[in-house]
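All remarks here apply to the structure that follows.
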Protein chains: 2
Amino acid sequence: MLSNASKYAIRAVLFLAENSSSKNKFGSKQISAALDVPQHFIAKILQKLVKSGIISSGKGPGGGFYTTPENLKKNVLDILKVIEKGDIFDECFLGLPVCGDENPCPVHDIVSKFKDALLVKFGNQDIKSFSDEVKREGTLITLKNVL
Amino acid sequence: MLSNASKYAIRAVLFLAENSSSKNKFGSKQISAALDVPQHFIAKILQKLVKSGIISSGKGPGGGFYTTPENLKKNVLDILKVIEKGDIFDECFLGLPVCGDENPCPVHDIVSKFKDALLVKFGNQDIKSFSDEVKREGTLITLKNVL
DNA sequence: AAAATAAAAGACAAATTAGTCTTTTATTAC
DNA sequence: GTAATAAAAGACTAATTTGTCTTTTATTTT
Ligand code: SF4
Ligand code: SF4
């Protein structure tokens, strides 16, 4: 459903939302190590996110990627819009050319409920709120220190 | 989530379950036309399904692919086992190395509910029952004659 | 037996996704 | 100003998925 690029992007943004600030930046190397994802791959993804205003960056010594309060007003769907080509919520689970309540496929009920729930989760709260929720509930964006 | 190969496979098996019999076989060309999928691609998929006993086939004039009552005792998960490499239900939606109730990711609740529902739909009834349900409920495996 | 038909098998080609590596540019520290 | 640092940019490679094409084999019809 999600490409690796999108998965890495979401986790990286959540990582920065929880840990970074304009005074505390993280290089692509640190992020790569923290999330256990390929460094140069995540670097390119982070650059796209900077361009679209979802995160911020600074060059040179002490530089790196970070999030501002302004950045944190974006939501997860904004991330997907930047990374993913089409709209993943438009694709038919069984490969029919269009997807909707008219002309439902045999798994329509199950899939559309899932899509709706995800859409709420990803679209109805900003990154700040999502990140707070992750912290509060103790869900994980890396298993680096767990496994 | 599912590869094109799996999507085509599921739809092709449901098509044969509803329309075929040992007396009424369908060539890869007919199936390709009915479902609007690439002929030679679906042909190779169908061959795998024959090999694993999910459908049957006959060569020569009047030959083609079809399902027997024995074939129809398989379920959709059996199809996925043949076509898909790993277990799609084991992958983490956000790309964590393992997936489970311990160490949940931020979308665990939503995703695991979806996976459970799919697992029931795909695993707890055979193709015969699934196909009957599709016919009864009028859900679609092609939009060829609809759009 | 010969011709026609259709699956089986497998070699290829194209497209997408994933990942790596190098060069350039901007910033900071000295 | 020079050196060090780290993002930005982009070329490049590898892997996977998707799709096509050709040849072979089995079956049926005449
Ligand atoms: S499950 Fe329903 S919503 Fe999803 S692709 Fe099929 S028809 Fe569309
Ligand atoms: S959502 Fe839960 S079950 Fe799904 S991958 Fe994440 S941790 Fe695993």
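In the stretch A:10-38, which residue that is assigned to a helix (DSSP H, G or I) and within 10 Å of chain B (Cβ to nearest Cβ) is surrounded by the fewest Cβ atoms within 10 Å (Cβ to Cβ)?
Among residues in the stretch A:10-38 that are assigned to a helix (DSSP H, G or I) and within 10 Å of chain B (Cβ to nearest Cβ), the one surrounded by the fewest Cβ atoms within 10 Å (Cβ to Cβ) is A:LEU35.
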Determine, yes or no, whether B:ASP109 is part of a helix (DSSP H, G or I), of a type in the set (Asp, Glu) and within 16 Å of ligand 2 (Cβ to nearest atom).
yes
If B:THR68 meets every condition in (1) more than 16 Å from DNA strand D (Cβ to nearest atom); (2) open to solvent by 20 Å² or more (accessible area, probe 1.4 Å) apart from one, which number is that one?
(1)
If you take the residues in the stretch B:64-74 that are part of a loop (DSSP other than H, G, I, E, B), in contact (Cβ under 8 Å) with a residue 40 or more places away in the chain and of a type outside the set (Lys, Arg), which one is nearest to ligand 1 (Cβ to nearest atom)?
B:THR67
Conditions: (1) touching a helix residue (DSSP H, G or I) at 6+ places or on another chain (Cβ under 6 Å); (2) assigned to a helix (DSSP H, G or I); (3) of a type in the set (Gly, Ala, Ser). B:GLY95 meets all but one. Number of the miss?
(2)
Restricting the search to the stretch B:92-141, which residues are within 16 Å of ligand 1 (Cβ to nearest atom), open to solvent by 30 Å² or more (accessible area, probe 1.4 Å) and β-branched (Val, Ile, Thr)?
B:ILE110, B:VAL120
Check B:LYS144, B:LYS115, B:LYS85 and return the single one that is among the basic types (Lys, Arg) and at pLDDT 95 or above.
B:LYS115
Return the residues of the stretch A:80-91 that are surrounded by 12 or more Cβ atoms within 10 Å (Cβ to Cβ) and within 16 Å of DNA strand D (Cβ to nearest atom); say none if nothing qualifies.
A:VAL82, A:ILE83, A:GLU84, A:ILE88, A:GLU91
Does the stretch A:121-140 contain at least one residue that is in a loop (DSSP other than H, G, I, E, B), within 7 Å of chain B (Cβ to nearest Cβ), over 30 Å from B:TYR8 (Cα atoms) and at pLDDT 95 or above?
yes
Inter-residue pairs, beta-carbon under 8 Å, first in a strand (DSSP E or B) and in the stretch A:39-63, second more than 6 Å from DNA strand D (Cβ to nearest atom) and open to solvent by 20 Å² or more (accessible area, probe 1.4 Å), 6+ apart:
A:SER56/A:SER22; A:SER56/A:TYR66; A:SER56/A:THR68; A:SER57/A:LYS25; A:SER57/A:TYR66; A:GLY58/A:LYS25; A:GLY58/A:TYR66
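The values are calculated or read from the model by the stated rules, or taken from the named source; none is laboratory data. It should be emphasised that the depicted structure is a prediction, and the values quoted were computed from it without experimental measurement. Heads up, the Cβs are rebuilt from the backbone with ideal geometry, glycines too, and the neighbour counts pull from every protein chain shown. Side chains are part of the model used for accessible areas, which takes the heavy atoms of the whole protein and leaves out ligands, DNA and RNA. Shrake-Rupley method; radii C 1.70, N 1.55, O 1.52, S 1.80 Å.
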